[in-house]
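The values are calculated or read from the model by the stated rules, or taken from the named source; none is laboratory data. Quick caveat: nothing in here was measured; it's all calculated off a predicted structure. Here the Cβ positions follow ideal geometry from the backbone for every residue, glycine too, while neighbour counts run over all protein chains shown. Calculation scope for accessible area: heavy atoms of the full protein, side chains included, ligands and nucleic acids excluded. Shrake-Rupley method; radii C 1.70, N 1.55, O 1.52, S 1.80 Å.
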Amino acid sequence: MRGIKFIFLSILVSSQTLYAQSDTEPEVEKPDSMAVVPIKKILQVPVFQKFNPDTIQLAENDFLVSDSYTAMGQRYVYDALHSFNRRRMDGFGGFLNDKINAGLAEVRSRGFNSDLKKLYIQIDPSTLTVYWTAVVGPSLDGRCYMSVDSRGSAGGGLPAVQKQCPRMHRLHTALNPVKVLEFNDNVLQCYTWDGAKIDTVTHAINIQQHFYKYYDPQIGNSVTLAEVVQKETESGASLLVAAKPSVPAAHYKRYTVKSGDTLSQIAVKFHTTPTRIKNANHLRSYLIRVGQTLKIPN
């Protein structure tokens with residue numbers, strides 16, 4: 001049977017997770033001979049039910065940033081599963097932080113202090129797929145949250161995550177961190193780490209990820225939001241000009257965005273990456289709209 005794992009995560013409300021039973025003390029059977037035979041507890045994987053982002057109520061000027069990715073076919077699948085953004089060894093990941101950060105920049109370009117308000121994450125253990133939706137919009141606490149970052153572990157537990165966070169904070173110079181959530185999910189192990197299907201599910205892999213958002217204390221004090229947006233716009237334009245000489249002349253495929261499409265799904269379909277499609281179309285973010293025609297790089 002396929003599995004269900006639904007996690008509702010929000011910034012201000014504590015995580016509520018329906019956990020399937022994981023390993024317990026082994027049951028024993030005592031035949032007439034009084035021999036003790038350990039028996040592994042078999043965990044049932046319920047049918048997966050995907051959360052519907054259309055049920056999320058949005059405030060004025062809020063919008064959703066959502067996508068999905070799968071670890072199927074990747075090396076070390078459970079390490080790949082928790083690569084919410086990207087992993088260092090091969091660049092694989094869901095680019096969750098990057099896409100949320102693009103959404104935050106979009107909020108600022110509309111003249112508002114930006115904020116990540118809610119984050120919803122589901123993991124389907126039977127398909128090794130992560131589904132996520134973020135709510136971004138104008139900040140309500142007067143702060144301007146410039147970026148989101150996270151660190152985590154598959155099977156390493158809380159200590160493995162905690163030791164990474166101080167190094168992560170040092171990457172965001174002059175910004176103050178605020179913890180968004182502590183993602184902690186026991187994902188039923190339906191595959192080996194090499195990606196081979198397991199017939200009998202007896203274990204769970206603990207996946208933890210700590211998400212932080214970073215605000216700039218200077219905005220509204222020594223600098224204005226308009227100045228920040230202007231600098232971001234100029235920086236983006238400079239990067240685009242610098243990248244032009246390195247873009248080879250190529251024939252592109254054309255694809256019209258359909259309802260339910262995400263940039264990651266389109267990238268998988270055409271054996272490319274979301275970033276390549278974004279750059280080829282000079283998109284300001286990873287957000288796409290129905291009816292939009294995209295150039296797909298070969």
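For this structure, a couple of remarks:
- Burial order of peptide ranges 85-92, 122-129 (average beta-carbon count within 10 Å, highest first): 122-129, 85-92
- Prolate/oblate/rounded call for the range 119-159, Cα gyration tensor, a/c under 1.5 rounded: oblate
- Ranking L140, S114, T127 by Cα position along the charge dipole of the range 89-148, where only Lys, Arg, Asp and Glu carry charges on their C-beta atoms, puts L140 farthest toward the positive end.
- Added length on full extension, which subtracts the Cα-Cα distance from 0.36 nm per residue, A196 to T224: 4.7 nm
- Solvent-accessible ranking of M168, M146, largest area first, probe 1.4 Å: M146, M168
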